[in-house]
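Accompanying notes for the structure given below.
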Amino acid sequence: MTHVCFEHPGLLMANECADDVCVTCSDEGRLGEVVSKSARGSALVRTSQGPQTVSTELVGPVAAGDLVLVHAGMAISKLDA
């Protein structure tokens, strides 16, 4: 019986995600421009929501003018200009 339940197609097929936000925390990724960096692994970033300090530990070194994707207070990707 267990074997049949785990092979049910409803358990194996992932739902299509049409959300524009993170399903875990309901936050969205925002484009931001690095204004200045800190030696502590953070940077001041200008986003559409205003300036905010974000962690840059996931993307490595950044410089003023770099574009980053910000999610939940962290730069999660550095974008090519």
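A few points about this structure:
- Were the residues from Arg30 through Glu57 laid out at 0.36 nm apart, the gain over their Cα-Cα distance would be 8.0 nm.
- Taking 0.36 nm per residue of separation and subtracting the Cα-Cα distance, full extension of the segment from Arg46 to Asp80 would add 10.6 nm.
- Loop trypsin sites (Lys or Arg not before Pro), the range 27-81 (other Cβ atoms within 10 Å of the site Cβ: 13 or fewer; DSSP): Arg40
No lab work stands behind these numbers, since they all come straight from the coordinates. As the structure is a computational prediction, the values presented were derived from the model and not from experiment. Positions of Cβ are backbone-derived with ideal geometry, glycine not excepted, and every protein chain shown enters the neighbour counts.
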